[in-house]
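The numbers here are math on the coordinates, done by the rules we state, and not lab data. Not measured: the values here are computed from a predicted model. Methodologically, a virtual Cβ is constructed for each residue, glycine included, from the backbone with ideal geometry; neighbour enumeration extends over all protein chains shown.
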Amino acid sequence: MKYLRKYYLVFFILLFIMMLWLNYQSYRRTEKIVRDNFETEIELIKTNVFDVLDNAFAAYSISEIVLNQEMEENSQILLAEYAENPDPISWNLTELKAQMPDYEIYIINDQLKIINTTLKADLGMDFSRYREFSKLLYSRLESGRFAADKLDLGQNTGLINKYSYQATSDSRYLFELSIDISKRFPILGDFNIFENAEKLVEKYEQLQSINFYKSGQDSNRVGLLKSSNPDDLEPVSAAVKTMIKRTVLENKIQNSSFTEANYQVTDFYLPFLVKGEETDSEWWNSFVVRVRYNNQNLLQELSQERTNIIFKLEFGKYKYRIQL
């Protein structure tokens with residue numbers, strides 16, 4: 001009986017080692033599956049972000065073909081009015097607006113002040129106070145040409161607006177037209193990139209945030225997009241600023257990571273740089289998207305798997321002791 005118990009003990013030790021090895025191998029396989037699933041889901045998130053933005057911009061590009069032509073034709077109406085009456089302060093904009101439904105009209109003088117508009121709340125607005133925007137407007141005022149922006153992102157309002165500018169030949173006035181694209185083309189409301197970004201964050205637990213940034217014409221001006229005006233950019237940290245500038249300069253995805261509360265946070269920056277015929281349109285309409293995710297769920301799942309292994313080993317030892 002004594003020798004039998006000794007053999008039982010040796011058998012128990014060998015069995016425990018085998019169980020330990022088998023469970024360890026099982027954990028390694030499970031760990032690989034969990035990590036692979038995590039990486040697959042992160043790639044899926046990246047793809048979804050790209051798809052949301054690409055679909056939105058594809059839809060907007062189609063609408064812009066129509067809107068650019070409309071805006072230029074409407075600007076010609078304003079130029080014709082100017083030829084007859086060179087005092088735009090006295091214009092009846094209500095009558096002019098009736099000829100271009102869905103559009104708002106702004107008359108901007110050579111001091112960059114709105115002196116007449118269909119939106120009375122904006123009357124008297126002084127764009128010269130906005131350093132970078134004023135540079136853009138002065139260049140358009142002096143050009144004497146028609147220019148149409150691509151989409152403008154207004155995160156506070158959730159509206160996607162489009163603007164055009166027509167300078168008078170004497171460079172005294174700039175006729176600005178604006179339109180809420182979703183009102184002109186209601187179906188485009190489904191492509192609100194801010195709303196879709198929020199939906200992605202809600203859908204995936206790993207996602208912490210999706211933010212939109214603009215880098216001004218002055219490369220030192222980088223900030224979080226809160227409205228369509230780059231002078232209203234919310235300041236960002238030096239580290240984020242560096243990553244945004246690198247993303248813009250290299251025009252490719254950039255990644256960075258840091259540790260927070262014992263888990264890893266990863267950012268990847270996606271460049272959406274708009275190339276236009278005018279130099280200024282490249283920076284004015286371009287932006288960078290930062291997608292931030294963490295591995296907290298991954299670590300929790302792996303921790304649970306380790307707990308399961310320990311439980312199996314403890315249960316196996318207890319079961320064998322009962323048999324003894």
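Taking the Cβ of each residue in E132, E72, E205 as the centre, tally the other Cβ atoms inside 10 Å and list the residues starting with the fewest.
The most exposed by this proxy come first: E205, E72, E132.
Strictly greater than 26 Å: what percent of every Cα pair in the stretch 66-187 meets that?
Tail of P(r) above 26 Å: 14 percent of Cα pairs.
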